[in-house]
Structures are given as structure tokens and as C-alpha cells.
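**Student:** So that we are looking at the same thing, I have put the structure below in C-alpha cells.
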Amino acid sequence: MTKFFFCTASALAFAVTAATAAEVKIGYALAEDSHYGAAARAFEETLKSELGDTFTVRHFPSSGLGGEREVIEGLQLGTVEAMIASSGTLSNFVPEVGVFDIPFLFRDLDHARQVLDGPIGQDMLAKFDNVGTHGLAWGEQGFRHITNNRNPISTPEDMAGLKIRTMENPIHIRAFEALGAAPTPMAWPEVIPALEQGAIDGQENPLSVIVSANLGEVQKYLTLDGHVYSSAIVLVSQRLWNDLDDTQKAAFEKAGDAAAAAMRAYVDQVEVEGVETLQARGMEVNTLTPEQKQVFQDRLADTYATYQGQFGQDLMDSILAAQ
Ligand code: PAF
């Protein structure tokens with residue numbers, strides 16, 4: 001009876017001819033002036049220009065609906081309609097997507113964008129239909145770097161025992177263990193308080209996050225090592241998706257693409273200006289040379305063997321070979 005009521009109510013809510021606009025709650029972990037905020041605005045504007053007032057987009061920035069794992073669960077339950085999320089917890093829902101989290105897999109932003117927009121990325125996106133959601137597009141955060149309060153990092157030895165917060169992501173946790181650090185997985189909403197209280201020494205995130213979340217206020221050292229490319233996804237709930245007609249589906253796909261483009265534009269800009277901004281806020285910044293990076297990669301040799309078993313050499317080779 002309850003199930004019947006929900007299905008009927010949601011079908012009515014999204015009917016094109018509905019007299020009142022249906023609400024699309026969109027959750028994201030960062031502030032409105034971040035790359036996620038820019039993406040959510042582009043999403044909203046595109047839906048409006050395509051469908052007029054059929055949908056009202058309501059923003060929940062700064063983890064207003066909870067951590068990313070909880071929001072994905074909200075999509076599955078149909079209590080949240082849309083979200084923008086990092087790759088952090090995605091492999092807990094679609095394990096294959098963890099291949100994108102392998103350290104030092106992508107050469108640069110162009111390489112990553114080619115793969116995500118091409119057949120490999122689009123096949124992965126389609127897998128979200130199997131877990132009660134629908135993937136609209138791959139956006140991004142950029143390459144992740146390490147910040148901490150203990151010391152500058154140039155070698156794995158500089159990370160010995162460093163209590164570094166990682167996302168709740170097994171690939172990242174294994175990599176930091178192999179580098180000799182003490183990875184501490186934690187949901188994002190807990191990270192800034194934990195840094196303030198000294199419960200952890202550091203964290204890792206792309207410049208887009210370090211700048212927009214003002215991490216310079218709680219972190220002294222920034223090491224530009226680009227250890228992992230951080231994709232981001234624009235996801236909607238399957239309950240919403242199944243209630244849309246074809247015209248509405250096309251509009252949501254377009255809105256997802258606009259959100260992804262907005263994230264990439266923000267990342268391009270922060271790549272140019274971010275380091276200067278953070279230095280002006282008092283952070284001490286060092287960049288790993290290619291030789292120093294190689295030492296980190298060599299230290300990860302055993303973990304690469306595990307990834308080959310987990311994701312398959314063919315898939316990893318196809319990603320590496322993409323131009
Ligand atoms: O570190 C994370 O958990 C993510 O990069 C963040 C900051 C929540 C953005 O999705």
C-alpha cells in the first residue's frame with residue numbers, strides 16, 4: 001500500500017503537465033562558490049532553459065544532506081533527486097569504477113577527460129543504472145595533492161606515520177599504506193574539525209577543494225604530487241529518472257553535460273591561479289619533480305599488481321593507451 005502510494009505520488013509529481021513544479025534536491029559536499037556550486041548552477045540554468053518551470057532545483061551545498069555515501073543512499077531510496085560527488089565512495093557502489101582511482105594512472109587532465117568522455121568512461125557511467133541511480137556525466141575535481149601540518153613532503157619517508165585523512169576508498173587507503181603513511185578514512189564533513197583539533201596531520205584533495213574549502217586556514221604544507229586524478233559524477237535517482245519522459249530525459253542529460261563543463265572550467269582556472277592564491281594565504285608549497293614522483297610510483301609497485309588482478313590488465317592498458 002505504502003509502495004503504491006509512493007509510486008503514484010512520484011509519477012504524478014514529474015508528469016510534464018503538472019500544475020506545480022517538481023522539486024529536484026541537489027546535494028554536494030562543497031560551498032556554492034566551489035566547482036560543485038558552479039556545476040549545480042549550470043545544471044539548474046540548463047533545466048530551466050530546456051523545460052521552463054517544470055522543475056525547481058533546490059541546492060544543498062556544504063554536505064547539507066550528509067556525507068557523499070549518505071547522499072548516494074538517498075538517491076537509491078528516492079529521498080534525494082540529484083547530486084554531484086567525487087569518485088571517493090563510488091567504488092563502494094560500482095566496484096569497477098575504482099580503476100579510475102589508481103594512483104598515477106592518468107597523465108594529465110586531457111588524458112583523463114578523453115577516457116571519461118570516451119567508451120570506457122561512458123560504459124562505467126551506464127553501470128550506475130544497476131544500483132538505483134542514473135549517471136548523467138563525468139565532471140572533475142582535478143589531480144589530488146597532499147596537505148599537512150607536520151613537514152614538507154618530497155619522499156615517501158617524509159610521510160612515515162603521517163596521519164592522513166583519505167576518502168572511504170580502498171584503492172587510496174592501500175596506496176597510502178604502501179607509502180608508509182597512516183591513512184585514516186573519514187567522511188568529508190568530519191575533516192576540517194579533525195584537522196583543527198590535530199586528530200589528523202593532513203589530507204589530500206585537488207586544488208579546487210583546497211582553495212574553495214579554505215584548507216590553508218588549517219594546513220601549513222602543500223605538496224603538489226598529483227597522485228590521483230579525481231573525477232566527479234553528476235548522478236540522479238533512478239526513481240526520478242524512470243518518471244521522466246523522453247524530452248525531460250534529454251534535458252537532464254544536457255543539464256548534466258553543462259554541470260560537467262562548469263566543473264572543468266573551474267578546474268582549468270584553479271590550475272592557473274590556485275597555487276598563488278594558497279601561497280598568499282600562507283601555505284608553503286613544493287612540487288615533486290618527475291624523479292621524485294618516480295620514487296613514489298616505484299613504492300607502489302606491489303599495489304599495481306593487486307590492481308591488475310582486480311580490474312584486469314586489458315582495461316588498465318586501454319586507459320594508459322588512450323590519447
Ligand atoms: O575528499 C573528499 O571527500 C572529496 O574530494 C570532497 C572534498 C568531498 C569533494 O567531493
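The values are calculated or read from the model by the stated rules, or taken from the named source; none is laboratory data. The structure displayed is predicted, hence computed values, not measured ones. Cβ sites come from the backbone with ideal geometry, for glycine too, and all protein chains shown count toward neighbours. To get the accessible areas, we keep the full protein, side chains included, count just its heavy atoms, and leave off ligands, DNA and RNA. Shrake-Rupley method; radii C 1.70, N 1.55, O 1.52, S 1.80 Å.
**Student:** Could you pull out the residue among P193, P152 that is surrounded by fewer than 16 Cβ atoms within 10 Å (Cβ to Cβ), within 16 Å of the ligand (Cβ to nearest atom) and not charged (D, E, K, R)?
**Tutor:** Working: P152 fails: within 16 Å of the ligand (Cβ to nearest atom).
Selected residue: P193, the only one of P193, P152 that is surrounded by fewer than 16 Cβ atoms within 10 Å (Cβ to Cβ), within 16 Å of the ligand (Cβ to nearest atom) and not charged (D, E, K, R).
**Student:** Related question: Restricted to region 206-221, and to residues that are within 20 Å of the chain's Cα centre (by Cα) and open to solvent by less than 10 Å² (accessible area, probe 1.4 Å), which residue is farthest from the ligand (Cβ to nearest atom)? If you could, list the steps in order and put the result at the bottom.
**Tutor:** Keep residues of region 206-221 that are within 20 Å of the chain's Cα centre (by Cα), which gives 206-215.
Checking which are open to solvent by less than 10 Å² (accessible area, probe 1.4 Å) leaves us with 206-210, 215.
Details: P206: 7, L207: 11, S208: 9, V209: 5, I210: 9, L215: 10 Å.
Going through the qualifying residues, I end up with L207.
**Student:** Take region 51-63 and flag every residue that is more than 12 Å from the ligand (Cβ to nearest atom) and either polar (S, T, N, Q) or closer than 19 Å to E253 by Cα (or both).
**Tutor:** Result: L51, G52, D53, T54, F55, T56, V57, R58, H59.
**Student:** To continue, here is another question. What is the number of the single condition among (1) of a type in the set (D, E); (2) in contact (Cβ under 8 Å) with a residue 40 or more places away in the chain; (3) touching a strand residue (DSSP E or B) at 6+ places or on another chain (Cβ under 7 Å) that E177 does not meet?
**Tutor:** (2)
**Student:** So L240 clears everything in (1) touching a Pro at 6+ places or on another chain (Cβ under 7 Å); (2) more than 12 Å from the ligand (Cβ to nearest atom) except one condition, right? Which one?
**Tutor:** Against the list (1) touching a Pro at 6+ places or on another chain (Cβ under 7 Å); (2) more than 12 Å from the ligand (Cβ to nearest atom), L240 comes up short only on (1).
**Student:** Can you tell me which residue in region 1-56 is nearest to S212 (Cα to Cα), limited to those that are at pLDDT 95 or above and basic (K, R)? Break it down into steps so the answer makes sense when it comes.
**Tutor:** The first filter runs over region 1-56 and keeps only residues at pLDDT 95 or above, leaving 22-56.
So of that shortlist, the ones also basic (K, R) come out as 25, 41, 48.
Values: K25: 22, R41: 16, K48: 26 Å.
Across region 1-56, the extreme among qualifying residues is R41.
**Student:** Something else: Restricting attention to region 58-73, which residues are in a helix (DSSP H, G or I) and crowded, with 19+ Cβ neighbours inside 10 Å?
**Tutor:** E68, V71, I72
**Student:** To continue, here is another question. List, please: which pairs have Cβ atoms under 8 Å, are six or more places apart or on different chains, and start with a residue in region 57-71 that is of a type in the set (F, W, Y) and end with one that is buried (at least 19 other Cβ atoms within 10 Å of the Cβ)?
**Tutor:** F60/K25; F60/I26; F60/G27; F60/Y28
**Student:** For region 223-234, give me each residue that is on the phi < 0 side of the Ramachandran plot and either among the charged types (D, E, K, R) or within 15 Å of the ligand (Cβ to nearest atom) (or both).
**Tutor:** D225, H227, V228, Y229, S230, S231, A232, I233, V234
**Student:** Check E177 against each of (1) within 23 Å of P290 (Cβ to Cβ); (2) surrounded by fewer than 22 Cβ atoms within 10 Å (Cβ to Cβ); (3) of a type outside the set (V, I, T) and name the one condition it does not meet.
**Tutor:** (1)
**Student:** Scan region 85-97 and give yes if some residue there is in a strand (DSSP E or B) and buried (at least 20 other Cβ atoms within 10 Å of the Cβ), otherwise no. Spell out the reasoning first.
**Tutor:** To start, the set of residues in region 85-97 that are in a strand (DSSP E or B) comprises 85-86.
Still in the list and also buried (at least 20 other Cβ atoms within 10 Å of the Cβ): 85-86.
Scanning region 85-97, I find at least one residue that is in a strand (DSSP E or B) and buried (at least 20 other Cβ atoms within 10 Å of the Cβ), so the answer is yes.
**Student:** Which pairs do you get when a residue that is farther than 12 Å from R281 by Cα, found in region 198-222, comes within reach of a residue that is of a type in the set (K, R) and within 12 Å of the ligand (Cβ to nearest atom), reach meaning Cβ atoms under 6 angstrom, with the pair 6+ apart or on two chains?
**Tutor:** Matching pairs, first to second residue: I200/R165; Q203/R165; E204/R144; N205/R144; P206/R144.
**Student:** Another question about this same structure. Among the candidates D108, D117, which residue alone is closer than 29 Å to P183 by Cα, within 18 Å of the chain's Cα centre (by Cα) and either open to solvent by 10 Å² or more (accessible area, probe 1.4 Å) or within 13 Å of the ligand (Cβ to nearest atom) (or both)? Reasoning before the result, please.
**Tutor:** Working: D117 fails: closer than 29 Å to P183 by Cα.
Of D108, D117, the one residue that is closer than 29 Å to P183 by Cα, within 18 Å of the chain's Cα centre (by Cα) and either open to solvent by 10 Å² or more (accessible area, probe 1.4 Å) or within 13 Å of the ligand (Cβ to nearest atom) (or both) is D108.
**Student:** While we're looking at this one, here's another question. Is it the case that region 292-302 has a residue that's in contact with a Ser or Thr (Cβ under 7 Å, 6 or more places away or on another chain) and within 27 Å of N149 (Cβ to Cβ)? Break it down into steps so the answer makes sense when it comes.
**Tutor:** Within region 292-302, the first condition is being in contact with a Ser or Thr (Cβ under 7 Å, 6 or more places away or on another chain), and the residues that meet it are 292, 295.
Cutting the leftovers down to within 27 Å of N149 (Cβ to Cβ) gives us 292, 295.
The answer is yes, given that some residue of region 292-302 is in contact with a Ser or Thr (Cβ under 7 Å, 6 or more places away or on another chain) and within 27 Å of N149 (Cβ to Cβ).
**Student:** With (1) among the β-branched types (V, I, T); (2) part of a helix (DSSP H, G or I); (3) open to solvent by less than 10 Å² (accessible area, probe 1.4 Å); (4) closer than 19 Å to A40 by Cα as the list, and V236 as the residue in question, which single condition is left unmet?
**Tutor:** V236 satisfies every listed condition except (2).
**Student:** A further question follows. Which of the following residues is more than 13 Å from the ligand (Cβ to nearest atom), under 29 Å from E23 (Cβ atoms) and of a type in the set (G, A, S): G88, G78, G98, G66?
**Tutor:** G78
**Student:** A follow-up question, please. So how many residues does region 251-304 have that are more than 18 Å from E140 (Cα to Cα), open to solvent by 60 Å² or more (accessible area, probe 1.4 Å) and in a helix (DSSP H, G or I)?
**Tutor:** Within region 251-304, residues that are more than 18 Å from E140 (Cα to Cα), open to solvent by 60 Å² or more (accessible area, probe 1.4 Å) and in a helix (DSSP H, G or I) number 11.
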